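Beneath this line is the structure, given in structure tokens, with notes to follow.
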Amino acid sequence: MILVVMLLTLAIGTIGVYNGLVKRRNAYQNAFAQIDVQLTRRHGLIPNLVETAKGYLRHERQTLEAVIAARGGAVNAQQVARGNPGDPAAMNQLAGAEQVLTQTLGRLLALSESYPGLKANQNMMQLSEELTSTENRVAFARQGYNDSVMAYNTKREVFPAT
């Protein structure tokens, strides 16, 4: 009888640990989904921003092409990361692509400051504001993802889960 109680206790403990790990894994996957939503929103704003700037920045074609190429790279990296949000290589690739996109967008926005007509364009102002708002949302979503991954890793590494 004591052996049955011990085995039952061990089974319940194992189930509890397993369920806890599954909950944590699902939490970090959901946190990545929040990043994914915000990055998709960000990537959707960029073509509108480029189209608005095109008329004013005819002589700055390289900058516009760099933004478009960086967006393409970021979208591709996002799709890879979406397939496996727990893969460190995919996350590093996504972070690198997003960094390149952020830098090229920064150049575009800095360049737009040199064109008073573009800077005063209502559509450009609205898109810039939406982009800034989305950047803030991405930052919050990344923080949530990092917290979820840390909680999952901690749960996985502490006794008795190890």
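The values are calculated or read from the model by the stated rules, or taken from the named source; none is laboratory data. Just so it is clear, the structure is predicted and the values come from calculations on it, not from any experiment. Here the Cβ positions follow ideal geometry from the backbone for every residue, glycine too, while neighbour counts run over all protein chains shown. Accessible surface is based on the protein model in full, side chains and every heavy atom, while ligands, DNA and RNA are left aside. Shrake-Rupley method; radii C 1.70, N 1.55, O 1.52, S 1.80 Å.
Quick notes
- Where Thr40 falls short, out of the listed (1) buried (at least 18 other Cβ atoms within 10 Å of the Cβ); (2) at pLDDT 95 or above: (1)
- Just one of the listed residues (Leu57, Leu101, Leu45) is touching an Asp or Glu at 6+ places or on another chain (Cβ under 9 Å), more than 23 Å from Met150 (Cβ to Cβ) and not β-branched (Val, Ile, Thr), namely Leu45.
- Matching entry among Leu64, Leu10 (being modelled with pLDDT under 95 and surrounded by 15 or more Cβ atoms within 10 Å (Cβ to Cβ)): Leu64
- With respect to the stated conditions, Tyr18 fails to be aromatic (Phe, Trp, Tyr), in a helix (DSSP H, G or I) and open to solvent by less than 30 Å² (accessible area, probe 1.4 Å).
- Against the criterion of being out of contact with any Lys or Arg (no Cβ under 8 Å at 6 or more places or on another chain), more than 23 Å from Asn136 (Cα to Cα), among the hydroxyl-bearing types (Ser, Thr, Tyr) and surrounded by 15 or more Cβ atoms within 10 Å (Cβ to Cβ), Tyr56 qualifies.
- Within the stretch 116-150, the set of residues being over 23 Å from Glu98 (Cβ atoms) and surrounded by fewer than 17 Cβ atoms within 10 Å (Cβ to Cβ) comprises Pro116, Gly117, Lys119, Ala120, Gln122, Asn123, Met125.
- Some residue of the stretch 74-85 being in contact with an Asp or Glu (Cβ under 7 Å, 6 or more places away or on another chain) and open to solvent by 70 Å² or more (accessible area, probe 1.4 Å): yes
- Screening the candidates Ala95, Ala110 for the property of being of a type in the set (A, V, I, L, M, F, W, C) and over 14 Å from the mean Cα position of the chain (by Cα) yields one hit, Ala110.
- The stretch 111-153, subset touching a residue at least 24 places away in the same chain (Cβ under 8 Å) and among the β-branched types (Val, Ile, Thr), residue farthest from Asn30 (Cα to Cα): Thr134
- Residues of the stretch 91-115 classified as at pLDDT below 95, charged (D, E, K, R) and either closer than 16 Å to Arg42 by Cβ or surrounded by 13 or more Cβ atoms within 10 Å (Cβ to Cβ) (or both), total: 1
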